[in-house]
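Please read the structure below before turning to the comments.
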Amino acid sequence: MGFNLDFNNTFEGFSKIEDGVYEVVIDHATEDATKGGAEFTNFQMTIRNDLDQPHKNQKIWERVFKAKATGTYNMMMFNTIGKAANLQSGKTYNTFEELLEDYRGKPLQVYVENETSEYNGKTYENLNVKQWKPTAFPQVNHQWKQSNDSNNQSSNDPFKNNGEPITIQDDDLPF
């Protein structure tokens, strides 16, 4: 058995996302928890490639944590993101999952800043969303990368992997 390298199947060279304003599409929003048990909703976004902007196709993640004291979310954050994503004001959702699903595929504009934080004696570099605004370009022509893997039988839905939502765990992140 041998191994072959295929240089047509490589990761693109991504650079550190700089502070600034980016037009993005929300890939998905999912609930998760840290190893310590802190619950949060993770918004995963992709910088759009249908517009002339740096860092096309790179990912931005933003976590919205539940308050420790109450164990509930501050819905003002979800309202702010929903308004920027042009969700319907006053719409009633039967479940929290329905609300999260409504964010999927929505374009919006974010202002991000790189910040340094310290936790348990370790220093971390984080890219944080500081502002959420409606997109200046509501017509989305973003082209999702298709896998070259002939064994991959997934659908063309850019938000799913073999029909299942893509989930990022803490162990998957380099920070």
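Values in this text are rule-based calculations from the coordinates and carry no lab data. Remember, it's a predicted structure, so these values are computed and weren't measured experimentally. Here Cβ is always computed from backbone atoms with ideal geometry, including for glycine, and neighbour counts include all displayed protein chains.
Report note on the peptides 31-38, 18-25, 103-110: ranked by the mean count of other C-beta atoms within 10 Å, highest first, their order is 103-110, 18-25, 31-38.
Can you put Asp6, Asp27 in order, fewest other beta carbons within 10 Å first?
Ordered from fewest to most neighbouring Cβ atoms within 10 Å, Asp6, Asp27 come out as Asp6, Asp27.
In this entry, segment 99-146 is assigned a mean projected area of 5.8 nm², taken as a quarter of its C-alpha convex hull surface.
Peptides 125-138, 65-78 ranked from most to least packed, by the mean per-residue count of other Cβ atoms within 10 Å: 125-138, 65-78. Here the simple spin-label model places points 7 Å from the Cα toward Cβ, and for Gln53 and Ser15 these points are separated by 1.7 nm. Multiplying the residue separation of Glu115 and Lys68 by 0.36 nm and subtracting their alpha-carbon distance yields 14.6 nm. Entry note: segment 30-115 has Rg to Rh equal to 0.98, where both radii use alpha-carbon atoms and Rh is the Kirkwood radius.
At 0.36 nm per residue, minus the direct Cα-Cα distance, what do Gln139 and Thr80 gain on full extension? Give it in nm, one decimal, please.
Contour length minus the Cα-Cα distance gives 19.2 nm.
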